Amino acid sequence: MRSAARILLLLLWISASPARADEPRAAAPDPTREAVVLVHGLYRSDRSMRPLAERLGAAGYDVHSLRYASTAAAPDALAAQLREQVQACCADAARVHFVTHSLGGILTRALLAKEAPANLGRVVMLAPPNHGSELVDLFGDAFGWALGPTGRELGTGPTSLPNRLPPASFPLGIIAGTSSWNPVGSYVLPGESDGTVSVESTRLDGMSDFVALPSSHTWILYSDAAAEQVLEFLRAGRFKESGT
């Protein structure tokens with residue numbers, strides 16, 4: 001029964017099987033170039049960010065894809081894991097940008113709220129549950145053991161992790177998905193959604209720009225249009241033909 005429940009929860013949350021973790025690939029920092037830190041989402045690994053890593057590397061950035069145990073620890077512990085990796089890879093970079101997916105955006109908000117790097121550049125969040133997800137409200141009690149300590153805090157209530165964090169105080173671009181492969185998510189989530197997070201929930205006070213693309217929660221990572229918008233925001237601080 002626990003195995004069947006876990007499969008159901010994974011389908012509801014990410015609409016795909018969790019990616020296999022690869023060993024982190026070391027990259028020598030170059031202080032003359034700007035760095036981009038990639039932060040994956042729940043049930044994922046640094047491997048899920050590889051398409052974006054390749055595009056960003058080809059564009060001339062030093063890319064560092066972080067890794068953390070998304071279901072194994074509380075938010076503060078996960079943010080601390082990320083902070084240590086950012087300090088190790090990017091303290092001497094000309095600027096350090098962040099590109100995140102899903103839960104990675106919430107943990108990045110937590111990290112930056114506590115101590116933003118002095119060389120912080122811009123942040124792009126793909127499909128972030130900035131005000132939580134109704135799926136966690138609905139299934140969190142029954143399947144909280146599978147979500148883990150941090151995943152259980154991704155509901156929409158006022159005391160949930162996303163809603164406890166402050167608004168953006170840094171240059172932030174948000175990319176939301178509007179295509180769902182998840183019939184349960186499409187039914188439960190209000191308005192347009194990516195099957196896991198509603199478009200409205202991705203928005204955050206203080207954001208610099210916002211764009212919605214016809215992609216699902218998982219497959220937005222493999223979207224050429226999303227990658228182009230990421231590159232544009234890192235370059236110019238705005239998306240192409242969009243507005244808040």
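The values are calculated or read from the model by the stated rules, or taken from the named source; none is laboratory data. Since this is a predicted model, take the numbers as computed values, not measurements. No Cβ is skipped: glycine too gets one built from the backbone with ideal geometry, and neighbour counts run over all protein chains shown. All accessible areas refer to the heavy atoms of the entire protein, side chains included, with ligands and DNA or RNA removed. Shrake-Rupley method; radii C 1.70, N 1.55, O 1.52, S 1.80 Å.
Quick notes on this one:
- Computed Rg/Rh of segment 103-202, alpha carbon atoms with Kirkwood Rh: 0.99
- Accessible surface of segment 47-200, 1.4 Å probe: 52 percent of it comes from carbon and sulfur atoms.
- Calculated log₁₀ intensity ratio I(q)/I(0) where the Debye formula runs over C-alpha points of segment 193-244, q = 0.15, 0.20, 0.28 Å⁻¹: -0.42, -0.75, -1.23
- Gyration tensor verdict on segment 168-229 (Cα atoms; rounded if a/c is under 1.5, prolate if a/b is larger than b/c, oblate otherwise): oblate
- Coupling constants for segment 215-230 follow from the phi torsions by the Karplus curve (6.51 cos²θ - 1.76 cosθ + 1.60, θ = phi - 60°), and in residue order they are 9, 8, 4, 6, 7, 4, 5, 10, 7, 4, 5, 5, 4, 5, 5, 4 Hz; glycine and proline get x.
- Anisotropy class of segment 149-190 from Cα gyration tensor, a/c 1.5 cut: oblate
- Among the GluC sites (Glu not before Pro) found in segment 155-244, those both in a DSSP coil and sparsely packed, with 14 or fewer other Cβ atoms within 10 Å of their Cβ, are 241.
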